[in-house]
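Okay, so here's the structure we're looking at.
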Amino acid sequence: MSKKVINQNTNYDSELLNSIGSDFIFDESPINRLRNAASNLKKGNYIDGTDKEKELNELKLEINSIIDCDLKDNSKKIVLGDGNINSPVMLVGEAPGIEEDSAGLTFLGEVGDLLKKMLNAINIKKENIYSTYAVNFRPPEDRKPTPKEIKRYSHFLQKQISIVKPKLIILMGSAAMESLTGLNSKISIERGKWKEVIVQNTTYNIIITFNPSYLLRVPENKKHSWEDLKKIKKKIIDLKLNI
């Protein structure tokens, strides 16, 4: 995998919220939700008929077959991903927590509630995008994945991206950022900037922002996430994506 960074200075200026809590507000016109012909395809299929769902299940088996992994050995379930596998938007978090580990699903509990509020603020329902993690098993005591773990699982994340083929990718948290871009700098430096990464000869638009679990601990940074959400909204409109 190689990466190419866009030097993109957006002029998209909007007023900041006077007070930022868990409730985000977006008062511009909603996304055009009219579906094109491709949206009428059977869920889980490529336009050319290749079964995405089958490929994701094969990837899940491949990840579940790894050996000598503390993450896997100390987890209950693998969390590959969920949502709309035909969505143009893919969201990558850091790692499953205790609730996700029990259910095998992404972004549950308080973290999931906040994520839904954030997405709803830009007229997106979580079930209409595809969500996954940088690592697919819960780290013990919910610690941050190590650089070695992130590197090991980045191979699987790239495969997952190549199957889903989103138009843009939202990276939430430093582990997600490092997994796909190789960057290990502070989120506060890299967030809110549109970049490009190349995965298996395909270029993807990405943006880095804070993880919801971090925002629950440091709520004063929700104002920065709101700025990032507005940029994501603008990009969706500019690319004329249907979600």
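For residue 235, the lysines whose Cα falls under 23 Å of its own Cα, not counting residues fewer than eight places away in the same chain, are 3, 4, 116, 117, 125, 126, 165, 167, 193, 195, 222, 223. Accessible surface ranking for 131, 213, 1.4 angstrom probe, highest first: 213, 131. Every pair of different Cα atoms in segment 138-237 enters the Kirkwood calculation, which places the hydrodynamic radius at 14.3 Å.
Bridgeable lysines around residue 72 (alpha carbons under 24 Å apart, same-chain partners fewer than 8 residues away excluded): 54, 60, 144, 148, 151, 159.
Between residue 57 and residue 188, the FRET efficiency estimated from the beta carbon spacing at R0 = 51 angstrom works out to 0.85. For segment 108-147, the equivalent ellipsoid built from the Cα gyration tensor has semi-axes of 24, 12, 8 Å, listed from largest to smallest.
Taking R0 as 45 Å, what FRET efficiency do you get between residue 167 and residue 223 from their Cβ-Cβ distance, rounded to the nearest 0.05? Here the calculated transfer efficiency is 0.95.
Within 10 Å of each candidate Cβ there may be at most 14 other Cβ atoms; applying that plus a DSSP loop requirement, which trypsin sites (Lys or Arg not before Pro) in segment 61-94 survive? Mind showing how you got there, number by number?
On the way: sites: 72, 76, 77; in loops: 76, 77.
Passing sites in segment 61-94 are 76.
Given axes a ≥ b ≥ c from the Cα gyration tensor, I'd like to know whether segment 71-213 is rounded (a/c under 1.5), prolate (a/b larger than b/c) or oblate. Verdict is rounded for segment 71-213.
The string of couplings for segment 152-163 from the Karplus curve (6.51, -1.76, 1.60, θ = phi - 60°) is 4, 7, 4, 4, 6, 4, 4, 4, 5, 4, 5, 7 Hz, one whole number per residue in order, with x for Gly and Pro. Model label points for residue 98 and residue 146, set 7 angstrom from Cα along the Cα-to-Cβ axis, are 2.4 nm apart.
Checking the a/c ratio against 1.5 first, then a/b against b/c, what shape does the Cα gyration tensor give for segment 46-131?
Oblate shape, in that a/c is at least 1.5 and b/c is the bigger or equal ratio.
Placing pseudo-labels 7 Å out from each Cα toward the beta carbon at residue 203 and residue 238 gives an inter-label distance of 1.3 nm.
The values are calculated or read from the model by the stated rules, or taken from the named source; none is laboratory data. Everything numeric in this text was worked out from a predicted model, so none of it was measured. Cβ coordinates were reconstructed from backbone atoms using ideal geometry, including for glycine residues, and neighbour counts include every protein chain displayed. Keep in mind that these areas ignore ligands, DNA and RNA; they rest on the heavy atoms of the full protein, side chains included. Shrake-Rupley method; radii C 1.70, N 1.55, O 1.52, S 1.80 Å.
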